[in-house]
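Asks: A single structure is presented below for examination.
The values are calculated or read from the model by the stated rules, or taken from the named source; none is laboratory data. As the structure is a computational prediction, the values presented were derived from the model and not from experiment. Here the Cβ positions follow ideal geometry from the backbone for every residue, glycine too, while neighbour counts run over all protein chains shown.
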Amino acid sequence: MNSSVSSTARLVGAGLRALLVLTVVCGVLYPLAVTGIAQALFHDKANGSEITDARGRVVGSSLIGQTYDLPKKDPNDADEATRPDLHWFQPRPSNGLGTNSVNTQYSLILSGATNKAADNPDLVKLVEAAKAAVVADNSTAGYQVRPQDVPADAVTSSGSGLDPDISPEYARLQVHRVAEKNGLDVQQVEKLVTDNTEGRTLGFMGEPTVNVLKLNIALKGLTAKG
């Protein structure tokens, strides 16, 4: 009996020691080491890839999309349709899983795609309406957008619904409208797009992209100088 109690006590003691050691190693030392390495080597990414404006204020993340809409006439009216502020470059549509009651800078509270098939009537209707809006919004007195020139990312949301980037084609399609609304030369705005276009990862992976938030920060700087 005493031998059984002694063996049990030794097992319990060993278990408690293992628990203590694993708690310290896995729950304290390892997280501290990983956090320290991340802060030392990947400080920007470890802190959310934050983007600051010219005043040094954090205005968003390079990983999360934002919308640039006009304020609602009635902020309390959830059913009032939002309208894009055409002074700014517009991001991809954010049609996804739900509405957002927390971050008013984007219309999603859940990340995800619509999960609708390409021939789904509702999706087709959304795409057609989005294309018509892109053509109407971006056509100016001296520049007419053709429906066939509207790229796919201008009328469809990404898999997450939170894509912060657009294609250079979609950015260039918006140049004339942005220039007209802000009283800028088209060449000035085209240069902004070129300067903010990022190439393929490692030169061959993915496609060139333009981060909308970075582009609009550069646009704000240009309008302020003007």
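Asks: Please determine whether any residue of the stretch 132-142 is of a type in the set (S, T, N, Q), farther than 20 Å from GLY60 by Cα, touching a residue at least 60 places away in the same chain (Cβ under 8 Å) and assigned to a helix (DSSP H, G or I).
Replies: no
Asks: A further question follows. With respect to ASP163, is the statement that it is at negative phi, in contact (Cβ under 8 Å) with a residue 60 or more places away in the chain and in contact with a strand residue (DSSP E or B) (Cβ under 6 Å, 6 or more places away or on another chain) true?
Replies: Here the answer is no, as ASP163 does not meet what is asked.
Asks: Give the residues of the stretch 52-86 that are modelled with pLDDT under 80 and aliphatic (A, V, I, L, M), sorted by residue number.
Replies: Scanning the stretch 52-86 gives ALA54, VAL59, ALA78, ALA81.
Listed here are the residues, each with its yes/no results for (1) surrounded by 10 or more Cβ atoms within 10 Å (Cβ to Cβ); (2) at negative phi; (3) assigned to a helix (DSSP H, G or I).
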site: THR23; (1), (2), (3): yes, yes, yes
site: GLY27; (1), (2), (3): yes, yes, yes
site: ALA40; (1), (2), (3): no, yes, yes
site: GLY48; (1), (2), (3): yes, no, no
site: GLY56; (1), (2), (3): no, no, no
site: GLY60; (1), (2), (3): yes, no, no
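Asks: Among the residues of the stretch 22-31, is any small (Gly, Ala, Ser) and in the same structural domain as ASP153 (by TED's automatic domain parsing)?
Replies: Looking through the stretch 22-31, none of the residues is small (Gly, Ala, Ser) and in the same structural domain as ASP153 (by TED's automatic domain parsing).
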